[in-house]
Amino acid sequence: MIPADVALLRTPGVPTLSPDGTTVVMSVTSPDPETDEYTGQLWRVPADGSAPPTRLTRGHRDTSPTYSPDGRWVAFLRAEVKGKPQLHVVEATGGEPVRLTDAPLGVSEPRFSPDGTRVAYLARVPADDRYVAGGDPGAEPPRHITTFRYRGDGVGFVRDRPQQLFLVDVPRDALPGDLPEPVALTAGDTDVGAHRWLPDGDHLVAVTAVHESREDDLLRDAVVVDARPGTDGPRTPRPLTDAGGTSTLAVDTVLPSHDGRTLWMLASDQGPTGLEFVASQTGLFVLDLPAALASADDAGSTRPQRRTDVDAVDLLPGLLAVAGDEVLVADQRRGAVVLVALPSDVAPDVDPGDAPAGRVLVDSPAVVHGVAASSDGSRVVVAAAGPDSAGDVLAVDPASGTTTRLTDLSADLRATGRVRPTRELTATAPDGYPVHGWVALPDAERHGAGPHPVILMIHGGPYAQYTHALFDEVQVLAEAGYAVVLGNPRGSAGYGRSHGTAIQRGFGTVDTDDVLALLDAAIADPSLALDPERTGVMGGSYGGYLTAWLTTRTQRFRAAIVERGFLDPVSFVGSSDIGWFFGLQYLGDHDTPDAAQALAAQSPMAHVGEVRTPTLVIHSENDWRCPVEQGQRWFVELKRRGVDTELLLFPGEGHELTRSGRPRHRVQRFEHVLRWWATHLPV
């Protein structure tokens with residue numbers, strides 16, 4: 001890839017399947033540097049792959065499609081140029097879409113009621129005199145803050161615009177005209193999300209935090225919300241789980257069975273303090289729904305049961321479907337995200353470690369990120385990326401396990417000839433621990449047989465994983481003539497709980513050993529032809545941390561790029577949106593001399609005087625996850641010590657610049673990255 005090829009990164013959203021299982025509707029979006037926005041439309045394709053996709057809508061950015069239960073309508077979100085996404089419906093056979101909402105901050109997650117007459121959706125509700133179109137934000141009254149949680153990266157301040165659940169009627173003929181009046185189902189200062197209809201059509205289940213200690217922990221409950229017509233005013237969500245009592249779960253996703261007897265949940269256990277999130281693997285839980293509804297005033301009387309192994313299985317939050325007598329989940333495994341069908345009829349007293357492992361329907365190297373299934377389980381479709389694709393939609397036959405690719409969205413990108421394959425790489429750390437990763441090589445026909453300059457790339461998180469999927473960061477560097485080494489050191493997701501917790505209170509220890517072991521193993525492999533004297537290192541977020549940390553420990557790298565880095569755990573506590581718990585759980589506090597010493601032993605900023613490596617610092621001005629002060633201070637400390645350093649600041653961007661930032665900024669960032677490496681690590 002070259003930087004301009006960002007425009008060819010076409011990816012599908014979560015697909016929706018028609019009730020009869022014959023047709024798939026999906027959104028396809030891509031960065032558009034010309035408009036500097038993400039654009040895309042809805043497409044439909046036969047679920048058996050008998051015909052190519054055809055366009056269903058032609059909006060500026062159409063996303064999040066969902067079929068009505070009778071198959072007549074598709075509800076979706078449409079955002080006009082520079083506008084907010086609003087709820088629309090369109091005939092499933094095509095036609096002119098009709099808008100149903102005009103929410104000032106936009107809407108998300110449309111869900112048809114079981115009878116198809118109403119759509120539930122989420123919308124942020126702005127406080128009076130705030131977020132007024134054309135208004136002057138600087139003239140707004142001050143924000144009076146009394147809680148840890150008051151803002152979030154990519155969203156902004158949240159207390160004065162909480163996310164609530166709404167209902168809107170679908171007009172019988174859905175003709176253009178006056179917008180229907182929405183009904184607010186919830187209110188309050190906490191966000192509601194992940195809603196699903198119960199089969200009775202009178203209630204929804206959702207996820208929120210309503211317990212008394214919600215400002216001091218990470219727990220969330222599954223709740224039920226009354227959606228019956230005629231009730232005056234917003235309804236108070238009733239907990240089905242018990243964060244206010246004995247539950248230690250942070251519920252992420254809820255989904256009732258088709259018969260309403262079971263509530264399936266994705267959740268993670270936050271431990272007795274409610275803050276023990278480090279490698280708290282997301283599992284599948286089951287709750288007796290009628291019993292929980294009957295005892296909603298005593299949520300602790302019915303407890304959810306875990307159905308996946310707490311140490312070995314880490315499911316992808318948000319991905320959950322019921323297909324016949326099986327439940328579909330996505331498990332993160334060694335750089336893949338595989339689709340697994342678990343039996344729904346496991347006895348309640350079975351230990352999670354002894355529960356059936358399920359059937360793998362879509363295996364490695366796929367990276368699944370969306371799923372839809374017919375109610376009888378005969379048809380499953382997924383959105384998944386892979387080594388040659390930034391994302392496609394696949395049809396899965398659950399009986400035979402065969403898959404059919406329904407789209408080829410990366411065909412134009414591959415046609416450029418600028419996509420390089422990756423090879424899996426294994427290494428052994430100094431303590432004998434196995435380390436897994438990949439290496440990508442430049443095209444020998446254009447860049448010669450080597451030895452090639454090498455860039456070690458380190459992911460964020462740290463509890464995340466590099467995957468087999470086509471990755472624009474790797475592709476741009478390989479096209480420019482660099483070999484790229486990347487992998488999943490201890491602390492990463494996808495290799496079990498003990499792998500993920502290995503660096504708790506030990507940042508910069510075995511994770512350092514692991515990434516250097518990968519680099520050394522690649523350099524030692526003569527078939528790769530890498531140059532040990534020409535190496536660089538780069539990473540973002542936690543990867544920015546480990547990049548900076550390495551430059552305090554070794555002079556082996558010609559240059560470094562520290563991006564959106566977590567660089568000073570002390571100031572991070574008060575400046576980051578997650579600072580009140582993240583660093584304290586991972587690295588520890590600094591409230592005693594011994595604790596301060598242990599924290600400094602893991603802090604790049606405490607050792608910045610050791611850095612001699614030329615360093616490009618990249619940060620976003622609106623990054624509230626790793627605030628911009630982290631990058632600014634690293635730059636200043638290096639510069640005043642005479643280290644060759646530059647600071648690249650992106651206005652208006654948050655922590656997700658490299659993944660979802662403005663298209664032009666993504667291109668410009670790649671251009672600066674290549675300029676930096678061409679200067680300090682020429683090919």
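The values are calculated or read from the model by the stated rules, or taken from the named source; none is laboratory data. What you see is a predicted model; the values in this text were computed from it and never measured. All Cβ positions, glycine included, derive from the backbone under ideal geometry; neighbour counts span all protein chains shown.
Within the stretch 347-373, the set of residues being among the aliphatic types (A, V, I, L, M), surrounded by fewer than 17 Cβ atoms within 10 Å (Cβ to Cβ) and either touching a strand residue (DSSP E or B) at 6+ places or on another chain (Cβ under 7 Å) or touching a residue at least 40 places away in the same chain (Cβ under 8 Å) (or both) comprises just one member, Val360.
Report whether or not Val667 is among the hydrophobic types (A, V, I, L, M, F, W, C), modelled with pLDDT of 95 or more, touching a Pro at 6+ places or on another chain (Cβ under 9 Å) and under 28 Å from Val81 (Cβ atoms).
yes
In the condition set (1) assigned to a loop (DSSP other than H, G, I, E, B); (2) in contact with a helix residue (DSSP H, G or I) (Cβ under 9 Å, 6 or more places away or on another chain), Val205 is compliant with all but (1). Residues that are touching a strand residue (DSSP E or B) at 6+ places or on another chain (Cβ under 8 Å), part of a helix (DSSP H, G or I) and of a type in the set (Val, Ile, Thr) within the stretch 512-539 comprise Val515, Ile523, listed in sequence order. Note on the stretch 176-197: residues that are within 22 Å of Ala321 (Cβ to Cβ) and either buried (at least 20 other Cβ atoms within 10 Å of the Cβ) or of a type in the set (Lys, Arg) (or both) amount to 5.
Among residues of the stretch 60-73 that are farther than 20 Å from Gly106 by Cβ, those with a beta-carbon under 9 Å from a residue that is of a type in the set (A, V, I, L, M, F, W, C) and not in a strand (DSSP E or B) at least six positions away or on a different chain give the pairs Tyr67/Ala92; Ser68/Ala92; Ser68/Val170; Gly71/Ala92; Arg72/Ala92; Trp73/Ala92; Trp73/Val170; Trp73/Ala174. Of the helices (runs of 4 or more DSSP H) lying entirely inside the stretch 545-601, those containing at least 3 residues that are in contact with a helix residue (DSSP H, G or I) (Cβ under 8 Å, 6 or more places away or on another chain) and either of a type in the set (A, V, I, L, M) or at pLDDT 95 or above (or both) span 569-575, 582-586.
Every test in (1) in a strand (DSSP E or B); (2) closer than 26 Å to Gly152 by Cα is passed by His665 save one, and that test is (1). Test Gln504 against the criterion of being surrounded by fewer than 23 Cβ atoms within 10 Å (Cβ to Cβ), in a loop (DSSP other than H, G, I, E, B), in contact with a Gly (Cβ under 9 Å, 6 or more places away or on another chain) and touching a residue at least 40 places away in the same chain (Cβ under 8 Å), and give yes or no. So Gln504 passes the test. Residue count for the stretch 157-175 under the criterion of being under 18 Å from Arg238 (Cβ atoms) and surrounded by fewer than 17 Cβ atoms within 10 Å (Cβ to Cβ): the result is 0.
Of all the criteria given as (1) touching a residue at least 60 places away in the same chain (Cβ under 8 Å); (2) touching a Cys at 6+ places or on another chain (Cβ under 9 Å), the one not satisfied by Gly494 is (2). All of (1) in a loop (DSSP other than H, G, I, E, B); (2) within 29 Å of Arg659 (Cα to Cα); (3) not hydrophobic (A, V, I, L, M, F, W, C) hold for Tyr121 with one exception: (1).
Each row is one residue, and each column tells you yes or no for (1) closer than 25 Å to Ser247 by Cα; (2) in a strand (DSSP E or B); (3) of a type outside the set (Ser, Thr, Tyr).
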site	(1), (2), (3)
Asp160	no, no, yes
Val168	no, yes, yes
Gly188	yes, no, yes
Arg196	yes, yes, yes
Asp200	no, no, yes
Glu212	yes, no, yes
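Listed conditions (1) buried (at least 20 other Cβ atoms within 10 Å of the Cβ); (2) of a type outside the set (Asp, Glu); (3) more than 25 Å from the chain's Cα centre (by Cα) are all met by Gly401, apart from (1).
Within the stretch 147-160, residues that are closer than 15 Å to Cys626 by Cα sit with their Cβ atoms under 7 Å from residues that are acidic (Asp, Glu) and in a loop (DSSP other than H, G, I, E, B), at 6+ positions apart or across chains, in these pairs: Arg151/Asp577; Gly152/Asp577; Asp153/Asp577; Asp153/Asp623; Gly154/Glu656.
Tell me yes or no: at least one residue of the stretch 131-150 is surrounded by fewer than 21 Cβ atoms within 10 Å (Cβ to Cβ), within 30 Å of Ser18 (Cβ to Cβ) and in contact with a Pro (Cβ under 7 Å, 6 or more places away or on another chain). The answer is no; no qualifying residue exists. Which residue is nearest to the chain's Cα centre (by Cα), if the candidates are limited to the stretch 1-29 and must be buried (at least 17 other Cβ atoms within 10 Å of the Cβ) and of a type in the set (Ser, Thr, Tyr)? Ranking the candidates gives Thr11 first.
Which of the residues that make up the stretch 65-88 are aliphatic (A, V, I, L, M) and either in a loop (DSSP other than H, G, I, E, B) or closer than 14 Å to Ser27 by Cα (or both)? Walk me through how you get there before you give the answer.
Of the stretch 65-88, the ones aliphatic (A, V, I, L, M) are 74-75, 77, 79, 81, 87.
Residues satisfying the conditions are Val74, Ala75, Leu77, Ala79, Val81.
For the stretch 26-69, a tally of residues being closer than 19 Å to Ser378 by Cα, among the hydrophobic types (A, V, I, L, M, F, W, C) and touching a Leu at 6+ places or on another chain (Cβ under 6 Å) returns 1. Based on what the data block shows, is Val371 aliphatic (A, V, I, L, M), out of contact with any Phe, Trp or Tyr (no Cβ under 9 Å at 6 or more places or on another chain) and at pLDDT 95 or above? Spelling it out, Val371 is indeed aliphatic (A, V, I, L, M), out of contact with any Phe, Trp or Tyr (no Cβ under 9 Å at 6 or more places or on another chain) and at pLDDT 95 or above. Across the stretch 306-346, the qualifying residues are those that are under 23 Å from Pro489 (Cβ atoms) and basic (Lys, Arg), and the one among them that is surrounded by the most Cβ atoms within 10 Å (Cβ to Cβ) is Arg333.
The residue list Gly661, Gly609 contains one member that is more than 30 Å from Thr273 (Cβ to Cβ), touching a strand residue (DSSP E or B) at 6+ places or on another chain (Cβ under 9 Å) and touching a residue at least 24 places away in the same chain (Cβ under 8 Å), which is Gly661. Would you confirm, using the coordinates I've provided, whether Ala548 is touching a Gly at 6+ places or on another chain (Cβ under 8 Å) and either within 27 Å of Pro451 (Cβ to Cβ) or touching a residue at least 12 places away in the same chain (Cβ under 8 Å) (or both)? The answer is yes for Ala548. Criterion applied to Val382, Val454 was being within 22 Å of Val673 (Cα to Cα) and at pLDDT 95 or above, and the one residue passing it is Val454.
In the stretch 374-385, which residues are in a loop (DSSP other than H, G, I, E, B) and either among the polar types (S, T, N, Q) or crowded, with 22+ Cβ neighbours inside 10 Å (or both)? Result: Ser374, Ser375, Ser378, Arg379. In the stretch 666-679, the qualifying residues are those that are surrounded by 20 or more Cβ atoms within 10 Å (Cβ to Cβ) and not aliphatic (A, V, I, L, M), and the one that is nearest to Val474 (Cα to Cα) is Phe670. Among the residues of the stretch 28-60, write down those that are among the basic types (Lys, Arg) and not in a strand (DSSP E or B). Arg58 - this is the single residue of the stretch 28-60 that is among the basic types (Lys, Arg) and not in a strand (DSSP E or B).
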